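So the structure is just underneath, and the comments pick up after that.
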Amino acid sequence: MIQREHWGSRLGFILAAAGSAVGLGNIWKFPYMAGSNGGGAFLLIYLALVFTIGLSVMLAEMVIGRLSEKNAIGAFKKLKGGAWPLVGLCGVGAAFTILSFYSVVAGWTIAYMVKAVTGGLSSSDPAVLGAAFDGFIAGNISPLVYHAIFMALTVFVVLSGIGSGIERASKILMPALFVLLLILIGRAVTLPGAGKGLAFLLQPDFSKVTWNTVSDALSQAFFSLSLGMGAMITYGSYLSKKENIAGAAGWVVLLDTAVAVLAGLLILPAVFAFGFDPGAGPGLTFITLPAVFAQMPFGEFFAFLFFLLLAIAALTSSVSILEVVVAYFVDDRGLSRKVASIIMGLIIFVLGIPSSLSNGIMKDTTFFGMTFFNLMDFVSAKLLLPIGGLFISLFVGWVIWGAAREDLASHNGKVPAWINIWGILVKFIAPAAIAFILISGLIS
Ligand code: PHE
């Protein structure tokens, strides 16, 4: 048997896992989810969920991955079998649905890179920017071309393999994105009127909170941290036995949360400064930021740089999603990495077509009252990921607890004291809270 590929270093793993977590979920989705859920209260609930349930499930996935050295489905087969591999199967299903619409949105970021250079963004009028965005995503051809370009890039990185593709890209891009966000925030918070946006995000108003807010926060936590579908199982499977994964899980959660909060601090002040509607939904980032750039010296340059980094952040996430699918077909179905990447990439591209068109000609074709795009988002982020997380917690807490404890012990066999807290979280608190929030969100 060929030896399983491994990450080149611990830092490489952390950055690749953080690269998976940090993406459109942080910069595109988080600001509009916070915006349409009342701001500060959403942020607080989100943070509480991330550092309890999110961190616990993150570590649980990494442990499953490292113990099994297998893909999302194979891991459950190897460690226990029975019905458990179904959890991984749901994850692989979620990977198809998420990537199909994720790649459409990532395509928009590439299109906006091009627009930045060709001068298509030079306005700070909300009406003009909003109309330009709506007009662009409603198109039949152009958004699909960008979706195709993005999927092709994703396939290319995944077929290049773990070390040379995924790890190398993440090492350069993550720090660059961080620095650029800080520069842009400097501009956004000094715009006249920005203070209202800061207050909106930092002063919680709990009167707006419903169970739906809480379930939105939970689904956002899973989506943003890449949890519940086996991405961290798959990445963890390429870890060598000697790495300290608890520290790695902590870093990934911290970095991801930092970027989401920074994105909120960038977008929401600008939203208020320019009089946009914080509840505008998925277009929020794309219509607000161009207004900020229009107010900056070298605005086009910064716009180009921003959308470039966002596209790259999306790419380090999309490769982790495709990797979940490809790892399964390579490990368990005997396909070569190359063939699996290309075929699965094509299928996902096709699945994304109706998502893209649902912003235009398929606007009125609804499923349970949702457009195809919203349906894919709902099924994956609001259902499949939290359900996956629930069973992943139960699996680690009740099925492989002994092995998980041992895996986290240090070389001299000492088990760290916090492991008992984690045990309570994965055995009881996380599964109960996820089940409760899911059900309350659905019936409210
Ligand atoms: N976490 C990624 C983001 O925030 C998206 C993602 C979801 C990646 C699920 C992997 C698994 O953009």
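Read-outs throughout are calculated quantities, based only on the coordinates presented, and are distinct from any laboratory measurement. Small disclaimer: the values here were computed from a predicted structure and weren't measured. When we count neighbours, we look across all protein chains shown, and the Cβ atoms used for this are built from the backbone with ideal geometry, even at glycine.
The table below gives the values:
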item: Mean-position separation - Cα centroids, the stretch 339-361 and the stretch 79-114, in angstrom; result: 11 Å
item: Proximal charge balance of TRP398 [Cβ under 15 Å; K/R count +1, D/E count -1]; result: +3
item: Ranking of SER122, SER444 by count of other Cβ atoms within 10 Å, fewest first; result: SER444, SER122
item: Along principal axes, Cα extents of the chain, largest first, whole Å; result: 60, 48, 42
item: For the stretch 381-412 and the stretch 196-268, distance of Cα centres in Å; result: 18 Å
item: Convex hull projection area averaged over all views, the stretch 228-272, Cα basis, nm²; result: 4.1 nm²
item: Charge tally in the Cβ shell below 14 Å around SER219, where Lys, Arg are +1 and Asp, Glu are -1, SER219 excluded; result: 0
item: Net length gained if the chain between TRP418 and TRP401 were fully extended (0.36 nm per residue, minus Cα distance); result: 4.7 nm
item: Principal axes of the stretch 233-313: Cα extent on each, largest first, Å; result: 51, 27, 19
item: For the stretch 93-196: rounded, prolate or oblate by the Cα gyration tensor [a/c cutoff 1.5]; result: oblate
item: Shape category assigned to the stretch 42-108 from the gyration tensor of Cα positions, a/c cut at 1.5; result: oblate
item: Cα pair distances in the stretch 186-295, grouped into 5 Å bins until the bin that holds the longest one, percent each; result: 2, 10, 15, 18, 16, 13, 10, 8, 5, 2, 0
item: Cβ charges +1 (Lys, Arg) and -1 (Asp, Glu), total dipole of the stretch 167-309, debye; result: 280 debye
item: 5 angstrom amide H check on MET370, placed H, neighbours 5+ away; result: none
item: Footprinting exposure proxy for ASP364, ASP205, ASP377 (fewest neighbouring C-beta atoms within 10 Å first); result: ASP364, ASP205, ASP377
item: Total charge dipole magnitude, the chain, about the Cα centre, Cβ charges on Lys, Arg, Asp, Glu only, Debye to nearest 20; result: 900 debye
item: From phi via Karplus (6.51, -1.76, 1.60), per-residue ³J(HN,Hα) for the stretch 46-60 in Hz, x at Gly/Pro; result: 4, 4, 4, 5, 4, 7, 10, 5, x, 4, 5, 5, 4, 5, 4
item: Of LYS29/LYS427; LYS338/LYS382; LYS80/LYS338; LYS78/LYS338; LYS171/LYS196; LYS29/LYS77, pairs whose Cα-Cα distance is over 27 Å; result: LYS29/LYS427; LYS338/LYS382; LYS80/LYS338; LYS171/LYS196; LYS29/LYS77
